[in-house]
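Notes to accompany the following structure.
The values are calculated or read from the model by the stated rules, or taken from the named source; none is laboratory data. Keep in mind that this is a model prediction, so the values were computed, not measured. Backbone-built Cβ (ideal geometry, glycine too); neighbour counts: all protein chains shown.
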Amino acid sequence: MSTLNPITRRRYRRNAVAVALSAIAAAIGLLILAAILWTLVSRGVGGLSLKVFTESTPPPGSDGGLANAIYGSIVLTLTGIVIATPIGVLAGTYLSEYARGSKIGEAAKFINDVLLSAPSIIIGLFINALLVVPFGTFSAWAGGVALAVIALPVINRTTQDMLALVPNTLREAAAALGAPRWKVMTFVVWRAAKSGILTGILLAVARISGETAPLLFTSFNNQYWSTNMSQSMASLPTVIFQFAMSPYDDWQRLAWAGALIITFAILALNIIARALVDRRR
Amino acid sequence: MTMTTMGPDAARDPNAATRRLQRQDRVFFWLAWGSATLVVVVLLGILFSLVWESIPAVRTFGLSFLWTERWSPAKEIFGALAPIYGTIVTSVIAMVIAIPLSFGIAIFLTEICPKPLRRPIGTAIELLAGIPSIIYGLWGFFVLAPLMQQFVQPFLIDVLGPLPIVGALFSGAPYGIGMLTAGLVLAIMILPFITSVTRDVFQTVPVMLRESAYGMGMTTWEVMRHIVIPYTRLGLVGGVMLGLGRALGETMAVTFVIGNAHRVKASLMAPGTTISASIANEFAEASGKLYSASLVELGLILFVISFTVLALAKWLIGRTESY
């Protein structure tokens, strides 16, 4: 260093500081992830037991589990995904295959992106006005539809992106064989983009299974085991919200156990979705 | 000819087979068209229902809704100032913390990090985006808020509190929960979004430019500062705006740590509220048409704000892509 002139030395010093700061930034990011996961494990494992999966949420001060909430989360998520998948895939197909480059197509893509980033609480308000107020009761259907509205733009967007990656030669080859357009789409283009579309669906599942805000005024919450889709239904996020903010120790313990379950389930889904994309590449 | 594959119809009349295929084609087209249209209808429906449901509040309070601080369900007087203020302040705090951190992480991931570590570290940062917002709320309330109350806030109050002007932001008692903690939680939540957009736009810089700069003897920092950042300027702003859009609309994480007080206080330590937190906390119990209409009008304001931010972000990112 001593042979360098002062300006160069200052430049190198400045560079070292910048490099160190950005490494620290990355370390902070990783540290936060580790801290959150550690909190979940250390506080959640104590509450985990077989009962969590077999018994319904208890009244304060007694023993119970999260079975109704876990069931509710699965049902609501499935309802949302079952509604959103066909619509999302078809819409993505239209925007990517039929409306490519057209002005209306671009506008529809933009509107999809607006929906994608609309605050989820607003979707809750919308479905509340659409499906809860007219029927006079909170219902699992409303919750499922609210989640579908959140999943729809995710699936639509990933389908668009994945279909854009399918080489045109495949479409031309199929068309040259005399295949009608819908067969080109379903038998060739969708098949080529299968794992990509599946990734989009998995990411949508991961996204909606942790959503709380849109469920607050749609499927609400239910202390008891309920399989009736026309009534309010418990779900893990809403139960976590209710129990964590309560002053009761055993409710809080269950909230942390639920938090642990849902976070690791969602992170696992994210990792599986990523692995699918990687294998493709 | 193709009769065997076309089935019995074709045996009778080859044109019938073609017609059937055309019909199937049309059905598929209209299904796809209908689905794409449904997305547009849903968005218009959201907008319409927000406007429609908020009419009673708009009629009663008019434009003064926007700058009235008072929020009194008992007297049916509602003003949006405190939630709007809270939404903006928490988002600004989040941006101030998240922007330098995510730029740092993106620089680390594209220029500094050893190749084999890039993917695992990048993935870990992106996993932060997968954690549900309610978990951030829990963590913020039970882990971060006590830390803030015991260490960070007393320190800020002692050191920055006595200063003129700036001091007002850091005065009062350390509650733990409040605007500052909410902003911090939001910063963590939007970090992965800004990082991934930033990293993507950094990678759009032609290798030629970067290599030439290094070839001239520039240091890593100089390449970032004078080549990469100027080149990707618009995309960076776009990424920041996307993060801002997330921060503005985030609900559950903020609801846990904001304190839900309809007040405008200078101090960042004070409890406040945001638009989404007010809706989440009060909508289910809102009795009376005017109360719920006021909450829906808050939702409409939030929708307009986040739409504007998103449209700006898209426009800016679009401009970098078309280089």
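Values as computed for the structure displayed
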{"read-out": "Flag if residue A:125 is surrounded by 24 or more Cβ atoms within 10 Å (Cβ to Cβ), within 11 Å of chain B (Cβ to nearest Cβ) and in contact with a helix residue (DSSP H, G or I) (Cβ under 7 Å, 6 or more places away or on another chain)", "value": "yes"}
{"read-out": "Flag if residue A:41 is closer than 30 Å to residue A:190 by Cα and modelled with pLDDT of 95 or more", "value": "no"}
{"read-out": "Matching entry among B:124, B:94 (being within 23 Å of residue B:270 (Cβ to Cβ) and either modelled with pLDDT of 90 or more or surrounded by 24 or more Cβ atoms within 10 Å (Cβ to Cβ) (or both))", "value": "B:94"}
{"read-out": "Which numbered condition residue A:149 fails, given (1) at pLDDT below 95; (2) within 12 Å of chain B (Cβ to nearest Cβ); (3) crowded, with 21+ Cβ neighbours inside 10 Å; (4) assigned to a helix (DSSP H, G or I)", "value": "(1)"}
{"read-out": "Filter result for residue A:35 (closer than 30 Å to residue B:122 by Cβ, part of a helix (DSSP H, G or I) and of a type in the set (Gly, Ala, Ser))", "value": "yes"}
{"read-out": "Residue list for region A:20-72, restricted to those being in contact with a helix residue (DSSP H, G or I) (Cβ under 6 Å, 6 or more places away or on another chain), facing chain B (nearest Cβ under 8 Å) and small (Gly, Ala, Ser)", "value": "A:22, A:23, A:25, A:26, A:29"}
{"read-out": "Which numbered condition residue B:316 misses (of (1) part of a helix (DSSP H, G or I); (2) crowded, with 24+ Cβ neighbours inside 10 Å; (3) more than 12 Å from chain A (Cβ to nearest Cβ))", "value": "(2)"}
{"read-out": "Hits in region A:162-194 (condition: closer than 21 Å to residue A:83 by Cα, away from every other protein chain (no Cβ under 13 Å) and crowded, with 16+ Cβ neighbours inside 10 Å)", "value": "A:162, A:193"}
{"read-out": "Some residue of region A:96-107 being acidic (Asp, Glu), in the same structural domain as residue A:191 (by TED's automatic domain parsing) and surrounded by fewer than 18 Cβ atoms within 10 Å (Cβ to Cβ)", "value": "yes"}
{"read-out": "Any hit, region B:253-260, residues being of a type in the set (Phe, Trp, Tyr), buried (at least 18 other Cβ atoms within 10 Å of the Cβ) and in contact with a Phe, Trp or Tyr (Cβ under 6 Å, 6 or more places away or on another chain)", "value": "yes"}
{"read-out": "Options B:111, B:76: the member that is more than 30 Å from residue A:151 (Cβ to Cβ), acidic (Asp, Glu), touching a residue at least 40 places away in the same chain (Cβ under 8 Å) and more than 10 Å from every other protein chain (Cβ to nearest Cβ)", "value": "B:76"}
{"read-out": "Scope region B:204-245; condition within 14 Å of chain A (Cβ to nearest Cβ), outside any helix (DSSP H, G or I) and among the aliphatic types (A, V, I, L, M); matching residues", "value": "B:216, B:218"}
{"read-out": "Unique match (being in contact with a helix residue (DSSP H, G or I) (Cβ under 7 Å, 6 or more places away or on another chain), assigned by TED's automatic domain parsing to the domain that holds residue B:149 and under 30 Å from residue A:150 (Cα atoms)) among B:270, B:213, B:247, B:266", "value": "B:247"}
{"read-out": "Any chance residue A:240 is within 14 Å of chain B (Cβ to nearest Cβ), in contact with a helix residue (DSSP H, G or I) (Cβ under 9 Å, 6 or more places away or on another chain) and either in contact (Cβ under 8 Å) with a residue 60 or more places away in the chain or surrounded by 16 or more Cβ atoms within 10 Å (Cβ to Cβ) (or both)", "value": "yes"}
{"read-out": "Residue in region A:251-268 that is surrounded by fewer than 20 Cβ atoms within 10 Å (Cβ to Cβ), within 8 Å of another protein chain (Cβ to nearest Cβ) and in contact with a Phe, Trp or Tyr (Cβ under 6 Å, 6 or more places away or on another chain) present", "value": "no"}
